[in-house]
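Trainee: Below: one structure in structure tokens.
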Amino acid sequence: MISDQLRWDIEDERLTRCPKKTKHSLRKSGWSKNDIEIFERDVNDIIVDTSSRVAPYKLQFGGFILAALICIGATIVITVGDQALGGLLLFALGIIVLGGGFWYRDQLIQRKWKKIAQELSQFFQQLSHDHLGMQFEFHIRGHHSKKNKEGKQERTSVWYERYIILTLPSEDYIPPSKRASFRDVRGSGNKTTDQDEKFEVGYSQPERKERKFHDEDGNSSSVLPYWWLVGKDKEGRVYYINNFMKKTQWNPPTPDQIAKEMEKMNKVLPPPAFDPNSKSKQKFEEVKRRSIVKRKSLIEISHGGKPTKEAMKDVKPEDRPGYEERRKKSGKKRSRKN
């Protein structure tokens, strides 16, 4: 286990008492005493509620009770009724029911812990938003030996240990709310000053707008194209990353350097000729139109309205254009696979 990970065991379908070391590490990571108690209570509630829903006691031990009743009936038939053959048959039936009860209980327990793992996964996803930088994992591991009360290893059938791993945030972790941002000075309507503007390592927006930033002294500014990034080393010095040429440099790129790289990029990958009448363009416009019409129709139906037949064409798959052709093609593909 990694040094920044904590293990919290589950025994008898409940979390064990939180160890002092685990509690101290959680308190250092910003957890309060109340947070630890709430976490323990919520996990225990999830385990107990899921167990009672998926594998109640009446289903786990119902087969054993039925097998015991059948065996008691077989004993009565043999001793009181003097019907040895019938009693033996009933006794054999009781043994079969007992074996089926063991198998069914094992299946129930496996299903129960799978469902508990799913419920805990959803709970941990929500919890990771409240405790930023932390990770929560639920583990199940099987063994054929375990320590007894004296501390010695003893051989058993498959014994499962269940536990939760808490991964603490690293020391250099910075919450998203406190991270620097890379702002667009020219495109934003808000007024920003040189002191407010910060940047971090990362690409520009998908539309590939140029980004303007200021150095630490605030003396000079430079406009970087989308294939350039800005980073800082461990000592806080600013350097520049050229993703196109796969290299870094300490000085910002000059306009001549950017122009040469732009020319080289156009030679390597020239833009395709745009055809407004292409099939892909028409298909995109048709899909866009149908999706808008379908959305409006579904909203109208949810409000109790009745859309027109023209609007309902795009809601039902069989009314959409080209439905028969797509159906024939899919039928041919299925026949080939078979």
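Trainee: What are the residues in region 33-58 that are under 25 Å from S170 (Cα atoms) and in contact with a helix residue (DSSP H, G or I) (Cβ under 9 Å, 6 or more places away or on another chain), if any?
Mentor: K33, D35, I36, F39, V43
Trainee: So, in region 257-270, exactly how many residues are over 42 Å from the mean Cα position of the chain (by Cα) and closer than 14 Å to V223 by Cβ?
Mentor: Number of matching residues: 2.
Trainee: Something else about it: Could you please give the count of residues in region 69-89 that are within 55 Å of the chain's Cα centre (by Cα) and surrounded by 14 or more Cβ atoms within 10 Å (Cβ to Cβ)?
Mentor: Number of matching residues: 4.
Trainee: I'm trying to understand the selection: among the residues of region 49-82, which are in contact with a Lys or Arg (Cβ under 9 Å, 6 or more places away or on another chain) and among the polar types (S, T, N, Q)?
Mentor: T50, S51, Q60, listed by residue number.
Trainee: Over 25 Å from A55 (Cα atoms) and more than 15 Å from the chain's Cα centre (by Cα): does that describe S170?
Mentor: yes
So that you can scan it fast, the table gives a plain yes or no per residue for (1) of a type outside the set (A, V, I, L, M, F, W, C); (2) modelled with pLDDT of 80 or more; (3) surrounded by 10 or more Cβ atoms within 10 Å (Cβ to Cβ); (4) out of contact with any Cys (no Cβ under 8 Å at 6 or more places or on another chain):
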| residue | (1), (2), (3), (4) |
| --- | --- |
| T192 | yes, no, yes, yes |
| E200 | yes, no, yes, yes |
| D217 | yes, no, no, yes |
| L229 | no, yes, yes, yes |
| E235 | yes, yes, no, yes |
| P252 | yes, yes, yes, yes |
| P255 | yes, yes, no, yes |
| L269 | no, no, no, yes |
| F274 | no, no, no, yes |
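Trainee: Something else about it: If I go through region 54-100 residue by residue, how many of them are within 30 Å of R14 (Cα to Cα) and in contact (Cβ under 8 Å) with a residue 24 or more places away in the chain? Explain how you work it out, then say what you get.
Mentor: Applying the first criterion (within 30 Å of R14 (Cα to Cα)) to region 54-100 yields 54-66, 98-100.
Then drop every residue that is not in contact (Cβ under 8 Å) with a residue 24 or more places away in the chain, which leaves 54-55, 59-64, 66, 98, 100.
Qualifying residue count, region 54-100: 11.
Trainee: Could I ask something else about it? What pairs come out if I take residues in region 286-306 that are of a type in the set (D, E, K, R) and pair them with residues that are in a loop (DSSP other than H, G, I, E, B) whose C-beta lies under 8 Å away, six or more apart or interchain?
Mentor: The qualifying pairs are E286/P321; R290/D314; R290/R320; K294/D314; K294/V315; K296/P307; E300/K306; E300/P307.
Trainee: Only one of these conditions is not met by S222: (1) surrounded by 15 or more Cβ atoms within 10 Å (Cβ to Cβ); (2) at pLDDT 75 or above; (3) among the hydroxyl-bearing types (S, T, Y). Which number is it?
Mentor: (2)
Trainee: Given the options R41, R53, R105, R111, name the one that is part of a helix (DSSP H, G or I) and surrounded by 13 or more Cβ atoms within 10 Å (Cβ to Cβ).
Mentor: Result of the check over R41, R53, R105, R111: R105.
The values are calculated or read from the model by the stated rules, or taken from the named source; none is laboratory data. All of these numbers come straight from a predicted model, not from anything done at the bench. Glycine also receives a Cβ, built like all others from the backbone with ideal geometry; neighbour counts cover every protein chain displayed.
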